[in-house]
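The values are calculated or read from the model by the stated rules, or taken from the named source; none is laboratory data. The shown structure was predicted, so the numbers you read here are calculated from the model rather than taken from an experiment. No Cβ is skipped: glycine too gets one built from the backbone with ideal geometry, and neighbour counts run over all protein chains shown. With ligands, DNA and RNA removed, areas are computed over all heavy atoms of the protein, side chains included. Shrake-Rupley method; radii C 1.70, N 1.55, O 1.52, S 1.80 Å.
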Amino acid sequence: MVPIASLRELAAVSHSNHASAHLVLAVVQMFTNRAAQGIAECERALALDRNLATAHAFIGLAKYALGRAEETEAHILEVLRISPRDILAYQWMMIAGFAKLLLNSDADAVAWFRRCLEANRNFPAAHFFLAATLALLGEPDQARAAAEAGSALNPGFTIRTYRTNAMSDNPTYLAGRERIYEGLRLAGVPEG
């Protein structure tokens, strides 16, 4: 939890011309169930620095959290256009995968998660979410293999630990997470 004094300091700085300060405030807002305000801060950051690729990624994430997943992929594609060699590209690709899962576009989600893993094989979350998606697609052997790869990198991951990290109370977002929980169960990820 971020101390209140730090949030006040951040808010004061964010009224300045520091695009990064607006971005940090946006992330805090998004992860405290205020995604719409986070989008507005990202837009302020982009007004100050139109090439701040990360702001586009977080807008995509916020729209996913708001249940507007159909808008997410365009933001991720914009990040990849602006910063094609971004060292965080694998994380942005995972956001696109989540959005596709929320839209029940499981084959597209698999493509994004695989692309994420091509960018960073050592990212355990991508292995787990690929596993969940493959399980939902009726590919139990591939799903188990992906879950095992994730467990090799993060043996403590459980459905329960993932469940505690919801960033929104939006019903569409939460329903999408229920699908992910079910896919993780089908893939053999421990409940915790």
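Does Ser151 count as hydroxyl-bearing (Ser, Thr, Tyr) and over 30 Å from Arg34 (Cβ atoms)?
Details: hydroxyl-bearing (Ser, Thr, Tyr): yes; over 30 Å from Arg34 (Cβ atoms): yes.
The answer is yes for Ser151.
Just the residues that are open to solvent by 10 Å² or more (accessible area, probe 1.4 Å) and over 19 Å from Ile95 (Cβ atoms), please, taken from the stretch 134-146.
Within the stretch 134-146, Ala135, Leu137, Gly138, Glu139, Pro140, Asp141, Gln142, Arg144, Ala145 meet the criteria.
Looking at Ala166, Ala99, which is the one that is surrounded by fewer than 18 Cβ atoms within 10 Å (Cβ to Cβ) and either hydroxyl-bearing (Ser, Thr, Tyr) or within 15 Å of the chain's Cα centre (by Cα) (or both)?
Numbers: Ala99 fails: surrounded by fewer than 18 Cβ atoms within 10 Å (Cβ to Cβ).
Step by step, each of Ala166, Ala99 is checked, and only Ala166 is surrounded by fewer than 18 Cβ atoms within 10 Å (Cβ to Cβ) and either hydroxyl-bearing (Ser, Thr, Tyr) or within 15 Å of the chain's Cα centre (by Cα) (or both).
Could you grab me the full set of residues in the stretch 77-94 that are within 19 Å of Ala125 (Cα to Cα), aliphatic (A, V, I, L, M) and either buried (at least 24 other Cβ atoms within 10 Å of the Cβ) or without any contact (Cβ under 8 Å) to a residue 24 or more places away in the chain (or both)? Give the derivation first.
Kept after step one, since they are within 19 Å of Ala125 (Cα to Cα), are these residues of the stretch 77-94: 86-94.
Subset that is aliphatic (A, V, I, L, M): 87-89, 93-94.
Listed by number, the residues that qualify are Ile87, Met93, Met94.
Taking the conditions exactly as written (in contact with a Phe, Trp or Tyr (Cβ under 6 Å, 6 or more places away or on another chain), assigned to a helix (DSSP H, G or I) and either closer than 28 Å to Glu178 by Cβ or at pLDDT 95 or above (or both)), does Val79 satisfy them or not?
On the way: in contact with a Phe, Trp or Tyr (Cβ under 6 Å, 6 or more places away or on another chain): yes; assigned to a helix (DSSP H, G or I): yes; either closer than 28 Å to Glu178 by Cβ or at pLDDT 95 or above (or both): yes.
Yes, satisfied.
Looking at Ala57, Ala21, Ala40, which is the one that is open to solvent by less than 40 Å² (accessible area, probe 1.4 Å), assigned to a helix (DSSP H, G or I) and within 24 Å of Phe113 (Cβ to Cβ)? Outline the logic, then answer.
Values: Ala21 fails: within 24 Å of Phe113 (Cβ to Cβ); Ala40 fails: within 24 Å of Phe113 (Cβ to Cβ).
On inspection, the qualifying residue turns out to be Ala57.
Looking at Ala152, is it small (Gly, Ala, Ser), at pLDDT 95 or above, over 26 Å from Ala62 (Cα atoms) and open to solvent by 60 Å² or more (accessible area, probe 1.4 Å)? Give the derivation first.
Details: small (Gly, Ala, Ser): yes; at pLDDT 95 or above: yes; over 26 Å from Ala62 (Cα atoms): yes; open to solvent by 60 Å² or more (accessible area, probe 1.4 Å): yes.
It is true that Ala152 is small (Gly, Ala, Ser), at pLDDT 95 or above, over 26 Å from Ala62 (Cα atoms) and open to solvent by 60 Å² or more (accessible area, probe 1.4 Å).
Between a residue in the stretch 18-44 that is without any contact (Cβ under 8 Å) to a residue 24 or more places away in the chain and any residue that is buried (at least 21 other Cβ atoms within 10 Å of the Cβ) and of a type in the set (Val, Ile, Thr), which pairs come within a Cβ distance under 6 Å, given they are 6 or more apart or on different chains?
Partner pairs satisfying both residue conditions: Cys42/Ile59.
Which one of Ala62, Ala131 is closer than 30 Å to His22 by Cβ and crowded, with 24+ Cβ neighbours inside 10 Å?
Details: Ala131 fails: closer than 30 Å to His22 by Cβ.
Sole residue among the options that is closer than 30 Å to His22 by Cβ and crowded, with 24+ Cβ neighbours inside 10 Å: Ala62.
Quick check on my filter: what residues within the stretch 138-192 are in a loop (DSSP other than H, G, I, E, B) and among the small types (Gly, Ala, Ser)? Steps first, please.
If we filter the stretch 138-192 for residues that are in a loop (DSSP other than H, G, I, E, B), which is where we start, we get 138-139, 154-158, 164-170, 187-192.
Of everything in the stretch 138-192, those that are in a loop (DSSP other than H, G, I, E, B) and among the small types (Gly, Ala, Ser) turn out to be Gly138, Gly156, Ala166, Ser168, Ala187, Gly188, Gly192.
For the condition polar (S, T, N, Q), in contact (Cβ under 8 Å) with a residue 40 or more places away in the chain, within 30 Å of Leu46 (Cβ to Cβ) and in contact with a helix residue (DSSP H, G or I) (Cβ under 9 Å, 6 or more places away or on another chain), what is the one hit in Ser105, Ser168? Explain how you work it out, then say what you get.
Numbers: Ser105 fails: in contact (Cβ under 8 Å) with a residue 40 or more places away in the chain.
Answer to the selection: Ser168.
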